[in-house]
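Colleague: Can you read through this structure? Questions will come right after.
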Amino acid sequence: MKRLISFALVLAMLLSLSLLLVSCGEDGDEAAHVCPTPDLTVGENGNWLVNGEDTGISSVLEITDTETEFITTGGVDYCVVTLTFSDGSKKTVYAEMEKGDEDFVSVATVTNGYGGANGIVCLMTDNDNGKFETLALMDELYIKYGLVGGLGTVVKNLYTDKNYTSPKTADVAKWQEFLNTGRWKIINHSMTHTTYMDTVDGVKVVNQDRLYNEIVTSGELLRELFPSERVLTYAMTGTQSAIGESSDPTGIRQCERDLIEQYYIGGRFSYSGAIAFDKLQWNNLPYTLLSTNNLSTILKNIDSAANDGKYYMVYNHYVIEDELIDTVPASSWTTKSTAEAVCERVAQYVNDGSLWCAHFEDAVLYMREAQTSSVLASYDKGRINVLLTDKMDDSVYNHKLTVRLTVPEDWVAVKITQGDDVSYAKVSADSGECFVLANILPDGGIATVESIAEADIPEEKPSETKPTPDIASPSTPSTPSTPSTPTTPSTSEIPDIYTFDTLDGYLGNTITFDNGGTETTKLTVTDDGGEKVLKLEKPEGSTNPKVTFKANDLSGAKSTEIEFKLKLERTSTSGEVYINLVGPSSVYAYRSYIHVNSDGTLKLTDFRSGDSSKASSVSFGSLGEWIDMKIVYTVSDGTATVTVYSGDTALLTSNNHYAAASAPIPAEDISAFLINSSQQFLGNIYLDNLSIMAEK
């Protein structure tokens, strides 16, 4: 039962120096504003006057009705007087009134984050390879800590063809399962994760068509694949910086930002820590990549977002169980325990109300609406009317904002009504005032906040936690069990066309391969942790096994991009393995090798036409791990430029790569992808996600 307090006791409490906190929810004398009866007179000019203010309406018209309403705006109290005249017309005037000691003024402000949070943190997974293992691990953490994240999506991983007409229906359905949980939202992460640059006469220039395709067309396809997703945000790729464009000498970065600003509400673009809300640029929003080496820095930035009122994004690439971390490149992978430390810190602040863990799209909607918003509140007869507006396009920007609204001390709970939307909130106290947090839609009309008993708040139904979609347990990059070896086929039994679309994740054109006569390589489809992959091995009697993959109908292409996942496996205890990675089979002068050292480490070596004095090499991985590889060929004025990538890192690139050869690579040959061993072939090769795509 509520305790009754007399007006005298209330006054005594207010005057007491020992009063430190306001106690919300205790009954007291109501101090509702009541507008006085307006003073209606006729001025010297014959017009009606309201409290001495000229209405501009002739007194020839009779006043048939008078309505009054109290509002507060700009710190000033008004009585709104609406007059109805005999001809049916109405006139509204605002009469300023002086505050009395009994008046209550409701103060309304929009909070930094939804739910009254002081700061905002976004979590994101860049799903560059289209696989589900990392998503499953992160989803487990989101369930455990009550968080949400963004799914950075590379569109090509969801199609079987380079024209993007045949979606991978099974993969799309599996992605939709993640989206259906409510814990994930799609963020566009490009069409193919490739460079937008061409080399013309030795100068890098922006290919505007490719740029548009990567940033804009990709978003259109994602909205077709996932109709429930708005896909309002974009996450830039690291491809450009990998080829030396981070300083933007060609203007590529500005071109990207311009398209993001035109077609998206926000873009993840620059590497930075937590940033104050008023410093944000919507087409250049900051992020930090999670790794095992920068956890302490990330945790400090999360602290800053919560305590100092800032925005912060953390994203990850591939996350694996801790015991597997020594088998993968540190630059691309991080451990589950590292990711969990981030989730645990974010959840700590979410639970105390100082952080909002938001989908990237929701965060940008909220921040842009909040920065252009205006809110007015008026108290009248036990209720508060709130008018919230912003300057954004309501067809796009339709996220509710949280309004912190001061209420009378005797209120314990409120009912919030805006049109057909009804919600409830309990009254809290802080810094000597009582307040509620009301979630209100900007430009959605007046929201009415009414005092109710706490018992009148409907009982909330427990939220349903949707489980992680059912996929195979994460196993990357574990070494698969060796399948039974089929009988070695004769050369004539090896097909002319290998149907790569039987492999999970295949993209691109139909691919043919040449086994090189007696230099035969045996190709079989095998299982690797539930994934169908292609295994290349040396059959008995083959002295120098090689196989050349080449896409059909790509002659005359101006550029070609070959992507694949590669794993090397040693089957002998001595010697070395040389894998000829770059160069058509018909031109052996052009060659770069993956060199497997005796200690199991890998390096890419460019022999420059067999002249060891011109060789250069770079380390990039180890035996037994899956590595994302990409080879980009471009041809300009008869000269080929080749860049070899591991993940987003350019290992070797040169536009005089073939300068010592007898002639530049013909344009019709740049689609070739040669895997050729030396005679000391001492291991097996595994391939997956092979894609050969070209621009003519």
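Just so you know, all these numbers are worked out from the coordinates, no wet-lab data involved. This is a predicted model, so every value here is computed, not measured. Note: ideal-geometry Cβ built from the backbone for every residue, glycine included; neighbour counts use all protein chains shown.
Colleague: Any idea how far the Cα center of region 385-434 sits from the one of region 286-302, in Å?
Modeller: A separation of 34 Å, based on Cα centres.
Colleague: HN-Hα J couplings of region 280-294 from phi, Karplus 6.51/-1.76/1.60, θ = phi - 60°, integer Hz, Gly and Pro as x?
Modeller: 6, 10, 5, 9, 8, 7, x, 7, 9, 7, 6, 9, 6, 9, 10
Colleague: Shifting gears a bit: Residues with beta-carbon under 14 Å from that of LEU289, excluding LEU289: net charge, scoring Lys, Arg +1 and Asp, Glu -1?
Modeller: Values: positive: ARG268; negative: ASP126, ASP128, ASP648.
Spelling it out: positives minus negatives among the neighbours equals -2.
Colleague: Quick one: which of 334-345, 144-155, 441-452 comes out on top by average Cβ neighbours within 10 Å, and what's the full order, highest first?
Modeller: Per-residue mean Cβ counts within 10 Å order the peptides as 144-155, 334-345, 441-452.
Colleague: Which peptide among 377-390, 284-297 comes first, and what is the full order, when sorted by highest mean count of other Cβ atoms within 10 Å?
Modeller: 377-390, 284-297
Colleague: Cα gyration tensor of region 333-446, axes a ≥ b ≥ c as square roots of the eigenvalues: rounded (a/c below 1.5), prolate (a/b > b/c) or oblate?
Modeller: Oblate shape, in that a/c is at least 1.5 and b/c is the bigger or equal ratio.
Colleague: With both bridge residues required to lie in region 254-413, what share of the DSSP beta bridges run antiparallel, to the nearest 5%?
Modeller: Taking every DSSP beta bridge within region 254-413, about 55 percent pair in antiparallel fashion.
Colleague: Name the shape class, rounded, prolate or oblate, that the alpha-carbon gyration tensor gives for region 149-236, where a ≥ b ≥ c are the square roots of its eigenvalues, rounded holds for a/c under 1.5, and otherwise prolate holds if a/b is larger than b/c and oblate otherwise.
Modeller: Prolate, because a/c is 1.5 or more and a/b exceeds b/c.
Colleague: List the GluC sites (Glu not before Pro) in region 99-167 that DSSP assigns to loop (not H, G, I, E or B) and whose Cβ has at most 14 other Cβ atoms within 10 Å. Which are they?
Modeller: When the GluC sites (Glu not before Pro) of region 99-167 are filtered for loop state and at most 14 Cβ neighbours within 10 Å, GLU102 remain.
Colleague: Need one word for region 264-322: rounded, prolate or oblate. Basis is the Cα gyration tensor (sqrt eigenvalues a ≥ b ≥ c); a/c below 1.5 gives rounded, then a/b vs b/c decides.
Modeller: Because a/c hits 1.5 or more and a/b fails to exceed b/c, region 264-322 counts as oblate.
Colleague: Would you give the gap between the C-alpha center of region 39-71 and the C-alpha center of region 102-151, rounded to a whole Å?
Modeller: 53
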